[in-house]
Amino acid sequence: MAEKFAFELVSPEKLLVAQQVEMVVVPGGDGYFGVLKGHMSMLSTVQPGVIDVYEQRSAISSRLFVTGGFAEVTPERCTVLAEEVMPVASLDRAKVEQELRDAEEDVADAKTSGDKAVAERALKLAQAKLTAVTRGAPAGHA
């Protein structure tokens, strides 16, 4: 049995998750990264995507969609500070597909560089949500 470590997921409003886990997979700025007890210390940005939480390494116990944020990892703890968090199961595919269409239109209609940047961020977020609702675990993580 693998050793457990502390995992915390914090939103701007409150502490959402505080539990002992065997592994967490986080959508980092340079791609997904897995954390086990004893992981080297690091800081990372968190991109829109799914955090997979494993209470036991053999199965995902929860899948949480985050819109972005930061992660701090130490050998004994992983803390994710997330902008917004929602269970993947709560994402409605039809609504996400509509968000994606709206975001694509907004990018096409953007008149200023500021408007385009905002629209592109919304598009990236909608694409990440659609990936979350249409796929299982990220490649290489089951």
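The values are calculated or read from the model by the stated rules, or taken from the named source; none is laboratory data. None of the values given here were measured: they were computed from a predicted structure. All Cβ positions, glycine included, derive from the backbone under ideal geometry; neighbour counts span all protein chains shown.
Assorted remarks:
- Lone unmet requirement of (1) over 24 Å from SER44 (Cα atoms); (2) modelled with pLDDT of 95 or more; (3) in contact with a helix residue (DSSP H, G or I) (Cβ under 8 Å, 6 or more places away or on another chain) for ALA110: (2)
- Tally, over segment 22-51, of residues that are within 22 Å of ARG135 (Cβ to Cβ) and either outside any strand (DSSP E or B) or among the charged types (D, E, K, R) (or both): 4
Here is a yes/no grid of residues against (1) closer than 22 Å to LEU123 by Cβ; (2) out of contact with any Cys (no Cβ under 6 Å at 6 or more places or on another chain); (3) modelled with pLDDT under 95; (4) not charged (D, E, K, R):
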position	(1), (2), (3), (4)
PHE5	no, yes, no, yes
LYS37	no, yes, no, no
MET42	no, yes, no, yes
VAL50	yes, yes, no, yes
GLN56	no, yes, yes, yes
ALA82	yes, yes, no, yes
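- Single unsatisfied condition, SER41 versus (1) in contact with a strand residue (DSSP E or B) (Cβ under 7 Å, 6 or more places away or on another chain); (2) of a type in the set (Gly, Ala, Ser); (3) surrounded by 13 or more Cβ atoms within 10 Å (Cβ to Cβ): (3)
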